[in-house]
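Notes follow once the structure below has been shown.
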Amino acid sequence: MSPSFDELTAGQDIGSRTIEVTRTDLVKYAGASGDFNPIHWNEAFATGVELPGVIAHGMFTMGAAVQLVTDWAGDPAAVVDFQTRFTKPILVADTTGTGQPGATIEVSGAVGKVDPDAGTARVDLTVVSAGQKVLMKAQAVVRLS
Amino acid sequence: MTINPDLQGRSYPAAEVYDVGREKIREFARAVKATHPAHFEVEAAKALGHSDLVAPPTFAIIIAQRADAQLIEDPDSGIDFSRVVHADQRFTHHRPIFAGDRLVAELHVDGVRAMGGGAMITTRSEIFALTGNDGGDRQSVATTTSSILVRGEGQ
């Protein structure tokens, strides 16, 4: 059920969700996106280039986080603009075979601004992992009919 | 390894065509843990008024990063891909991306800024759909902008 544009107000909560991430998820994202940088799947390579370990693709995090907005809006095509800065890498531990996540991402969102002339609303996302904000200025502009 | 400062202002014309397939949309959607039915079921997409499956909001990164690869793999650029960290990203959709689209991207290097021993490079991809029977016309689909930090030694 799509939200009604006329009832949107700044500050309105759009909900939250938890995303669990494993090394397998990073391999899947690498294959789906074509980004095969080994820092996202090979520990020795990642530490060899002075990273603390294997890190999630920023674009995995960005792409997963926006699903909260897509589902709230009721149509993926409603997201007309989406931007973020990547501030902290998400370290993904190797939990292969344990059934445990290697990292957990918490996503929550709120309406930041409503533009009645454009028929759009800006949703501001808060994206946190291991107690730190991993995305900054994560903003999706949604056009609602 | 130093970044070539002359990269700023450089453009790479649209190269190969990217054919957007239904299975690729489904695969990408699963990879970002998207569950909206408009990514998976044609009937669900049509019920929302779309011609075919709708790509997730960040799908255009596939096409944008292919375009970026022209720059990163250009021996003249001085970029070491293993030291690249994504700093920021933006997608502006002029229309959604649908299965069946035939897309091309023009790459523009909008900024090169030295940072410590490395550099911040901002690129913009203008993504078009080829339209018309002979694919001779272009429709603007998305503009993506991306900044990458190429870390210097010790960064």
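Going by what's in this entry, would residue B:35 be described as closer than 19 Å to residue A:28 by Cβ and surrounded by 16 or more Cβ atoms within 10 Å (Cβ to Cβ)?
no
Is there a residue being more than 13 Å from the chain's Cα centre (by Cα) and on the phi > 0 side of the Ramachandran plot anywhere in segment A:85-101?
Yes, some residue in segment A:85-101 is more than 13 Å from the chain's Cα centre (by Cα) and on the phi > 0 side of the Ramachandran plot.
If you check residue B:105 against the conditions, is it on the phi < 0 side of the Ramachandran plot and facing chain A (nearest Cβ under 7 Å)?
No, not satisfied.
Please list, ordered by first then second residue, the pairs with beta carbon atoms under 6 Å, 6 or more apart or interchain, first in segment B:89-101 and more than 7 Å from chain A (Cβ to nearest Cβ), second part of a strand (DSSP E or B).
Every condition considered, the pairs that remain are B:94/B:140; B:94/B:141; B:95/B:141; B:101/B:129.
Name the one entry in B:112, B:54, B:150 that is surrounded by 22 or more Cβ atoms within 10 Å (Cβ to Cβ) and farther than 30 Å from residue A:69 by Cβ.
Exactly one of B:112, B:54, B:150 is surrounded by 22 or more Cβ atoms within 10 Å (Cβ to Cβ) and farther than 30 Å from residue A:69 by Cβ, namely B:150.
If the Cβ limit is 6 Å and pairs must be 6+ apart or interchain, which residue in segment B:60-76 that is closer than 27 Å to residue A:77 by Cβ pairs with which residue that is polar (S, T, N, Q) and buried (at least 17 other Cβ atoms within 10 Å of the Cβ)?
Cβ pairs passing all conditions: B:60/B:144; B:62/A:33; B:64/B:125; B:64/B:144; B:67/B:125; B:68/B:123.
Every number in this text was worked out from the coordinates using simple rules, so none of it is lab data. Just so it is clear, the structure is predicted and the values come from calculations on it, not from any experiment. We place every Cβ from the backbone using ideal geometry, glycine too, and count neighbours over all the protein chains shown.
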